[in-house]
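Notes to accompany the following structure.
The values are calculated or read from the model by the stated rules, or taken from the named source; none is laboratory data. All values reported here derive from a predicted model rather than from experimental measurement. Cβ placement follows ideal geometry from the backbone for every residue including glycine, while neighbour counts extend to all protein chains displayed. Accessible surface areas use protein heavy atoms only, side chains included; no ligands, DNA or RNA. Shrake-Rupley method; radii C 1.70, N 1.55, O 1.52, S 1.80 Å.
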Amino acid sequence: MEIDKNFPTICLQDVDVTCSECGEACVVDGRFSEVAGDERLNFYKVRSGFACEGTCSHCGNEMELDVTYWKREFMGVRPDGREVCRIVTMWERDESPGCSAESLFGYFETCGPEIHFDDLALDTSSARELVDLLYKTTRDEALLAVGELLKNGSPVESVIPELQRIIDSHDDVLKDKYLGDFLP
């Protein structure tokens, strides 16, 4: 079993998938790594790792998990009084040969926030991707200026405060819609 040394596995889990040959539900071993992110922005990019493959138990079709998505984490209180961390996936890309991994996407809850690697950061490429995705979601033209700065070689760290301001100004589409059943 091969593990990518640049992006260590952060999560191992069985993933419910749908076989693209027979349409039946199956389970594939999933390995996921955070490949970029910034705690101040509360955005983390995740991708499936190597050796995420299996065979459909119904028809024998070979399947491989190939997904990338961004996630956010929000602490809140459920109506029953439990404090939980809701982890929301956004901008999912599923290019899994032989199956669909839609069960991974949406949101799930844990008893506390996830622990992220201390050296996790946004590189220029991931920052530009995040800015592009944020622009497509919010249509905030201030993101175009941030994108230009990154394109012209400005360090990612220099645009974090402006990105943070923009993200916070769009709670309606980047936060609130995922937290409707949390108590204030």
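When the residues of the stretch 71-89 are narrowed to those that are open to solvent by less than 10 Å² (accessible area, probe 1.4 Å) and of a type in the set (A, V, I, L, M), which ends up farthest from Val15 (Cα to Cα)?
It comes out as Val84.
What's the total number of residues in the stretch 139-180 that are within 20 Å of Ile87 (Cβ to Cβ), open to solvent by less than 60 Å² (accessible area, probe 1.4 Å) and not hydroxyl-bearing (Ser, Thr, Tyr)?
6
Scan (1) within 30 Å of Gly54 (Cα to Cα); (2) at pLDDT 95 or above for the single condition Tyr135 breaks and write down its number.
Tyr135 satisfies all of (1) within 30 Å of Gly54 (Cα to Cα); (2) at pLDDT 95 or above except (1).
Could you list, ordered by first residue, the pairs with Cβ atoms under 6 Å in which the first is in the stretch 73-101 and of a type in the set (Val, Ile, Thr) and the second is part of a loop (DSSP other than H, G, I, E, B), at least 6 apart or interchain?
Val84/Arg78; Thr89/Phe105
Could you tell me whether Lys175 is under 23 Å from Val35 (Cβ atoms), at pLDDT 95 or above and of a type in the set (D, E, K, R)? Break it down stepwise before answering.
On the way: under 23 Å from Val35 (Cβ atoms): yes; at pLDDT 95 or above: no; of a type in the set (D, E, K, R): yes.
When the stated conditions are applied, Lys175 does not pass them.
Out of the residues in the stretch 55-69 that are closer than 22 Å to Glu34 by Cα and of a type in the set (Val, Ile, Thr), state the one that is least open to solvent (accessible area, probe 1.4 Å). Spell out how you get there, then give the answer.
Going residue by residue through the stretch 55-69, those that are closer than 22 Å to Glu34 by Cα are 64-69.
Filter once more, so that each one left must be of a type in the set (Val, Ile, Thr): 67-68.
Working: Val67: 1, Thr68: 20 Å².
Looking at residues that are closer than 22 Å to Glu34 by Cα and of a type in the set (Val, Ile, Thr), I get Val67.
List the residue pairs whose Cβ atoms are under 9 Å apart, where the first residue sits in the stretch 157-184 and is closer than 12 Å to Leu134 by Cα and touching a residue at least 60 places away in the same chain (Cβ under 8 Å), the second is in a loop (DSSP other than H, G, I, E, B) and open to solvent by 50 Å² or more (accessible area, probe 1.4 Å), and the two are 6 or more positions apart or on different chains.
Leu163/Arg40; Gln164/Arg40; Ile167/Lys175
Does Val159 meet the test of being modelled with pLDDT under 95 and part of a helix (DSSP H, G or I)?
Details: modelled with pLDDT under 95: no; part of a helix (DSSP H, G or I): yes.
No.
Tell me, please, whether a residue that is open to solvent by less than 50 Å² (accessible area, probe 1.4 Å), in contact (Cβ under 8 Å) with a residue 12 or more places away in the chain and touching a helix residue (DSSP H, G or I) at 6+ places or on another chain (Cβ under 6 Å) can be found in the stretch 30-37.
As a first pass, look at the stretch 30-37 and keep what is open to solvent by less than 50 Å² (accessible area, probe 1.4 Å): 30-37.
Subsequent filtering for residues that are in contact (Cβ under 8 Å) with a residue 12 or more places away in the chain retains 30-37.
Now drop any that are not touching a helix residue (DSSP H, G or I) at 6+ places or on another chain (Cβ under 6 Å), which leaves 36.
There is at least one residue in the stretch 30-37 that is open to solvent by less than 50 Å² (accessible area, probe 1.4 Å), in contact (Cβ under 8 Å) with a residue 12 or more places away in the chain and touching a helix residue (DSSP H, G or I) at 6+ places or on another chain (Cβ under 6 Å).
Scan the strands (runs of 3 or more DSSP E) fully inside the stretch 54-103 and keep the ones with 3 or more residues being within 23 Å of Tyr44 (Cβ to Cβ). Steps first, please.
Values: elements: 62-64, 67-77, 83-94.
Where strands (runs of 3 or more DSSP E) fall fully within the stretch 54-103 and carry at least 3 residues being within 23 Å of Tyr44 (Cβ to Cβ), they are 67-77, 83-94.
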